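Asker: So that we are looking at the same thing, I have put the structure below in structure tokens.
The values are calculated or read from the model by the stated rules, or taken from the named source; none is laboratory data. For clarity, every value in this text was computed on a predicted model and none was experimentally measured. Cβ atoms come from the backbone with ideal geometry, glycine included; neighbour counts cover every protein chain shown. Note: accessible area is taken over every heavy atom of the protein model, side chains too, but ligands, DNA and RNA are not part of it. Shrake-Rupley method; radii C 1.70, N 1.55, O 1.52, S 1.80 Å.
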Amino acid sequence: MENFFGDDWRIIPAGGATGEAYYAQHDEQRLFLKRNSSPFLAVLSAEGIVPKLVWTKRMENGDVFTAQQWMSGSELRQSQMNSERVAKLLKKIHSSRPLLAMLTRLGKSAIHPETVLQSLLTELDQDLLEIPLVAESLTFLKDTVNAIETDVATVCHCDVNHNNWLLSEDNQLFLIDWDGAMIGDPAIDIGTLLYAYIPYEQWNEWLQLYGMVLTEDLRLRMKWYALFQALDSIQWHKSKFRFQEMNNLIQGLERRLHLDYIS
């Protein structure tokens, strides 16, 4: 890559799960590079959801690199996740027809609860199934899977952790790291965000900012997907031997399972 950009560019790995991201700097020019990113990135950039796409280049070995503006800023703190800006940007994403059209063109179709549950059942290790909170969560998913089907299908980020929200120095808010995006129930994103960051007594207020009413149907769908994503993450962290993160997620199942819905 240094040969491609020239010796006067400084290339630094950006970390992350895939190891395909880099920072590049030459004098005052700074870029965020990614190897073989999806064409979806161009639409995200055009919609103002990620930092601006500067160029796309193909290397001699066939790899395609994309370069985005390197935005100086910081990830959102957990306490900032209840802001109106977060709710409005997530609503914009879920309402975007260009995003939905591009994911559809890339061969994505809407996920269904029964399908993802079967996938989870084949992935969970036996020793995880013996943990009471995991077993109780899985029982809930099985018992309610037929009650959460919905015709609503939007682009979902599927990892709305506060670390993926970038607030730039010039006060622009972005949602980054779209490798896991899929088409599905917006409750996938909303439920995970509310359970992780928003006190229950503030759910109605946050959903009003988003533009949605907290119905019993929505409660159930959010709980289902919040539990599903937690179990899926627990298995992923275990497979990577990241046991502290795994145990933290297991403890978090308690809130997802037993949050007292008092209106």
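Asker: Give the residue that is farthest from Gly107 (Cα to Cα), with candidates limited to residues of region 155-183 that are touching a Gly at 6+ places or on another chain (Cβ under 7 Å) and of a type in the set (A, V, I, L, M, F, W, C).
Answerer: Initially, region 155-183 is screened for residues touching a Gly at 6+ places or on another chain (Cβ under 7 Å), giving 156, 158-159, 166-169.
Now drop any that are not of a type in the set (A, V, I, L, M, F, W, C), which leaves 156, 158, 166-167.
Working: Cys156: 15, Cys158: 17, Leu166: 28, Leu167: 31 Å.
The residue in question is Leu167.
Asker: All but one of (1) open to solvent by 30 Å² or more (accessible area, probe 1.4 Å); (2) over 26 Å from Lys240 (Cβ atoms); (3) at pLDDT below 75 hold for Gly6; which doesn't?
Answerer: Result: Gly6 fails condition (1) only.
Okay, residues lined up against (1) touching a strand residue (DSSP E or B) at 6+ places or on another chain (Cβ under 9 Å); (2) of a type outside the set (D, E, K, R); (3) over 18 Å from Phe174 (Cα atoms):
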| site | (1), (2), (3) |
| --- | --- |
| Asp27 | no, no, yes |
| Leu31 | yes, yes, no |
| Val50 | yes, yes, no |
| Asn61 | no, yes, yes |
| Glu75 | yes, no, no |
| Arg85 | yes, no, no |
| Lys91 | no, no, no |
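Asker: Oh, and also: With the checklist (1) under 18 Å from Leu167 (Cα atoms); (2) open to solvent by 30 Å² or more (accessible area, probe 1.4 Å); (3) in contact with an Asp or Glu (Cβ under 9 Å, 6 or more places away or on another chain) in hand, flag the one item Ala110 doesn't pass.
Answerer: (1)
Asker: Report every pair of residues separated by at least 6 positions or lying on different chains whose Cβ atoms are under 9 Å apart, first residue within region 228-253 and under 23 Å from Gln118 (Cβ atoms) and open to solvent by 40 Å² or more (accessible area, probe 1.4 Å), second modelled with pLDDT of 95 or more and of a type in the set (Gly, Ala, Ser).
Answerer: Asp232/Ser119; Leu249/Ala230; Leu249/Ser233
Asker: Same structure, new question: Filter region 13-25 for residues that are assigned to a strand (DSSP E or B) and either farther than 25 Å from Glu169 by Cα or open to solvent by less than 60 Å² (accessible area, probe 1.4 Å) (or both) and give the result.
Answerer: Of everything in region 13-25, those that are assigned to a strand (DSSP E or B) and either farther than 25 Å from Glu169 by Cα or open to solvent by less than 60 Å² (accessible area, probe 1.4 Å) (or both) turn out to be Ala21, Tyr22, Ala24.
Asker: Let me ask another. Just to check your reading of the model, which residue among Glu114, Glu136 is in a helix (DSSP H, G or I), in contact (Cβ under 8 Å) with a residue 60 or more places away in the chain, acidic (Asp, Glu) and out of contact with any strand residue (DSSP E or B) (no Cβ under 9 Å at 6 or more places or on another chain)?
Answerer: Glu136
Asker: So which residues in region 176-234 are within 18 Å of Lys88 (Cα to Cα) and of a type in the set (S, T, N, Q), if there are any at all?
Answerer: Thr192, Gln202, Asn204, Gln208 - these are the residues of region 176-234 that are within 18 Å of Lys88 (Cα to Cα) and of a type in the set (S, T, N, Q).
Asker: Going by the conditions given, is Leu33 among the hydrophobic types (A, V, I, L, M, F, W, C), surrounded by 14 or more Cβ atoms within 10 Å (Cβ to Cβ) and in a helix (DSSP H, G or I)?
Answerer: When the stated conditions are applied, Leu33 does not pass them.
Asker: Continuing with the same structure: Checking the structure you have, find out if any residue of region 186-199 is open to solvent by 50 Å² or more (accessible area, probe 1.4 Å), part of a helix (DSSP H, G or I), under 24 Å from Ile131 (Cβ atoms) and at pLDDT 95 or above.
Answerer: No; the residues of region 186-199 include none that is open to solvent by 50 Å² or more (accessible area, probe 1.4 Å), part of a helix (DSSP H, G or I), under 24 Å from Ile131 (Cβ atoms) and at pLDDT 95 or above.
Asker: Can you tell me how many residues in region 168-194 are among the β-branched types (Val, Ile, Thr) and free of Cβ contacts under 8 Å to residues at least 12 places away in the same chain? Even if it seems obvious, please write down each step before you answer.
Answerer: Looking only at region 168-194, we keep the residues that are among the β-branched types (Val, Ile, Thr), and these are 176, 183, 188, 190, 192.
From what is left, the residues that are free of Cβ contacts under 8 Å to residues at least 12 places away in the same chain are none.
Selection size over region 168-194: 0.
Asker: In region 117-133, how many residues are open to solvent by 40 Å² or more (accessible area, probe 1.4 Å), more than 22 Å from Leu259 (Cα to Cα) and not in a helix (DSSP H, G or I)?
Answerer: Counting residues in region 117-133 that are open to solvent by 40 Å² or more (accessible area, probe 1.4 Å), more than 22 Å from Leu259 (Cα to Cα) and not in a helix (DSSP H, G or I) gives 2.
Asker: I would also like to ask the following. Filtering region 156-171 down to residues that are loosely packed, with under 14 Cβ neighbours inside 10 Å and under 19 Å from Glu84 (Cβ atoms), which residue is modelled with the lowest pLDDT?
Answerer: So in region 156-171, the residues loosely packed, with under 14 Cβ neighbours inside 10 Å come out as 163, 169-171.
Applying the additional criterion that residues be under 19 Å from Glu84 (Cβ atoms) yields 170-171.
Working: Asp170: 88, Asn171: 92.
So the residue we want is Asp170.
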